[in-house]
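What follows is a short report on a single structure.
Every number in this text was worked out from the coordinates using simple rules, so none of it is lab data. Source: prediction; values computed, not measured. Ideal geometry is used to build each Cβ from the backbone, glycine not excepted, and the neighbour counts take in all protein chains shown.
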């Protein structure tokens, strides 16, 4: 029962990221008052992110271990998600470097908050106690709220941050209510004890368990932007600085989906129970179907690429929910878990790349206050052929066209759904993603076929770090699409110790 | 049950009469310091002066200002006295006896001390007067800020004695040393820190900016008249008396003393501390608001943290066992 | 007997003050009602012999957090006209009925019989678990029991909370500071 320092090794990625954040804030103190040189900061943050990435990858094959008396666990999915989150962080800070410098909003706290938020995400994916889940969720969310508000000048960021903060707090409160009811049913906040309570639930307490499960799911549905709780997404994604949006779309989704899977499978997954997996599976199926439909339909009329990507992230939350629905069972279905992790990794690489290019456009537009309408993308191919090619690649990957990462991700998830017997849901998913082709390809059409209306260059500012990050994203997208087997360790070790 | 109730009644009566005496004592003391004589006509050597003051206050008309929040305005003064008195319930009077014994006595005392700010704020807000409001804001800001070093200073005896039970702390001092004297390094500075923070919590000079009469007329009490004013005034003295008692319990061994330990030692030590506090009051000038906050956050809080670490280190050495 | 009477006093106090928090139009009254509500809640904790929880409730919530709340409300200085006129709409009625209905349903169906079973086996094992985790002679809610729960059983969430506070402070300063 005593504190065991070895437990810290299990949460090492989060510890490294936290230390990185503290280091960045400490160095900020020693900067010169007049004209401080902050160019080292993104690289320092990226170094800590890379160390965390290396640690979580090197721990991938280790046996799973219970940490801190059952409050957290070091298992496969936690490590995979930590790796995805650390990678997301590295790419995002590199993209943010030039962006913030161009808009002269560079400060150590930006990177520190990003590191803290990534630490929260890692811990969230490892948490097996509802209290830890809640606190890690708040660490992640509070940091992301502040990052959203980073460029406060103008009404859009303020609106975005406020909306995100208020609705996010609301979601946290709903989650907390669910956790309280779960504690009432189980007498403990550990997810394992919750599973015991679900198994032993009788006619009376099953109501409590149902309510707890529903409220916990709703809390996470807010965070991952599933259908009835998606209202905040377009405004928040649109108002936040584009590198932050990419970080948010990839990182928050990865951590929140891993935890949702852990709570549903680990806590409510008992087949023998009267309200076992079939109880929540139908709920998740409904959410998934509605989310895919709404996200794809609402993305169609969007003229701003950033807003379109926001709606598309809702649609992708729907696809990810399909994999959660396909997992249902006391033992999670392994192809669904693989599908989830692979999809999260591929979506992270793709969406960070896409928002990274949006960030390059936005750098130019932000001082004028204009939105990145499709017409501003016109002629990108003539002026920046490499950027145009990368953007097209990311759009194709988001649409799920082979041979990109998005295709392999969708393939994995829909195959898992069919094997789990959710054939109508899989067909529905394929149909909606086919509809998505329209608005993704429209961006490609504008990039290549519509001439620029303005003489000045489309993007601005220093490009080197952003270029490196975008190249990494593009390579990852193609690599995951062509050779998904190379990522087998990442996905397959994710099953170790999960759902026990 | 009946014992506790009668003890509680006795403590209330003792504290209130001690407060009345303290009023007289302070005026005499202040007069001596300023080469005056002080009250001398009412009763022998002016001893009944507080009674006369009380009678005067009771007779006066109670005025409620226009625009005031009547309920809060009326509720605040009695509450200040109640909260100030509540802390007295936890003071160990003689070995093993207090009105309420709790394993978190230290926290309870500090908590009630901090809670005393709620009625002060209520009074300031309900008065509908800018001076009262400013005074209340200063009082609350000061109380919240100085609550931090107060708790840190109080943690030193708690760590050294290994208990949060006030009687346990006193008993530990009885068998070892008084914490104000030994171990001298965390003990004495912690005692000084405790005194400073307590002075600030009870808004005494040099920390009495909430009622700085040159700027704020009389702070929170500006609009209060008659007995309502009396309550607020009384509460401040009760606060000081009880604070002095708690300081002597935590750092000066409480009821412990040579020959026969008991209540008389506690009263004597409380009197000494009280004298010391009023000595400061009539000697020093008040700080400015920003100096007050600088002193708290930049000096006292770090010092308190350091003392907590030092006392933990002292515990590890095991010399006090 | 005395405890029962005190319990009802505190319970009614909590409910009455809690209702005032929602029903009062003046935000200062609402906030002060919340202080009173916390105070009565602390009273019920004392009845459970959990002195530490009670005093933490008073120190942290009634003492510090609420005073800051009241401060902010006061500085915002909302006038009656800014608060808007109260209107009775059909939606408020529907909201009231559905909230009361849902709470009633959970309380009736869920808690009513669930607590029989929890009391039957759950709570018994729970209490023995607690007894195992706590020191001998340290009853539920005492300083030692709470310290053990916080520093040993829940050390990860406890330490994580410090990270949360750090993030909250940095975030608040970054968002609110005039010039970055």
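A few comments on the model shown:
- Kirkwood-type radius of chain A, with distances r between different C-alpha atoms, in Å: 22.3
- Residue-averaged beta-carbon neighbours from other chains (10 angstrom radius) around C:63-75: 4
- Ordering of B:269-276, A:251-258, B:26-33 by packing [mean C-beta count within 10 Å, highest first]: A:251-258, B:269-276, B:26-33
- Label point distance in nm, residue B:175-residue C:20, each placed 7 Å from Cα along Cα→Cβ: 4.7
- Sorted by Cβ neighbour density within 10 Å, fewest at the top, the residues A:480, A:463, A:140: A:463, A:480, A:140
- Ordering A:175, B:309 from the fewest to the most neighbouring beta carbons within 10 Å gives B:309, A:175.
- Between helix A:334-365 and chain A: long-axis angle, C-alpha atoms, 0 to 90°, nearest 10: 30
- For residue B:56 and residue B:305, a Förster radius of 41 Å and the Cβ-Cβ distance give a FRET efficiency of 0.30, rounded to the nearest 0.05.
- Global geometry of the protein assembly as shown, whether rounded, prolate or oblate, following the gyration tensor of its Cα atoms and the 1.5 cut on a/c: prolate
- Spin-label zone in the stretch A:371-389 - amide nitrogen under 18 Å from a point set 7 Å from the Cα of residue A:156 along the C-beta vector: A:371-378
- Cα-based shape type of the stretch A:69-210, given that a ≥ b ≥ c are square roots of the gyration tensor eigenvalues and the cut on a/c is 1.5: oblate
- Shielding by partners - mean other protein chain Cβ count within 10 Å, residues of A:177-189: 3
- Mean residue ellipticity, 222 nm, helices only, the protein assembly as shown: the sum of -39500 (n - 2.57) across DSSP H runs of n ≥ 4, divided by residue count and rounded to 500, is -23000 deg cm²/dmol.
- Label-point separation, residue A:489 to residue A:373 (7 Å along Cα→Cβ), nm: 5.0
- Inter-label distance, residue B:5 to residue A:449: 9.2 nm, where each label sits 7 Å from its Cα along the C-beta direction.
- In terms of its alpha-carbon gyration tensor, the stretch B:18-94 comes out oblate; a/c meets the 1.5 threshold, while b/c is at least as large as a/b.
- Listed from fewest to most Cβ neighbours within 10 Å, the set A:362, B:61, B:223, A:101 follows the order B:61, A:101, B:223, A:362.
- Averaging the Cα positions of each part gives two centres, and for the stretch B:1-33 and the stretch A:281-350 these lie 71 Å apart.
- With all pairs of different C-alpha atoms in the average, the Kirkwood value for the hydrodynamic radius of chain B is 20.3 Å.
- Cβ-Cβ FRET estimate between residue A:31 and residue C:60, R0 fixed at 41 Å, reported to 0.05: 0.70
- At an R0 of 41 angstrom, the distance between the Cβ atoms of residue B:82 and residue A:65 translates into a FRET efficiency of 0.15.
- Alpha-carbon centroids, the stretch A:168-232 and the stretch B:132-151: separation in whole Å: 40
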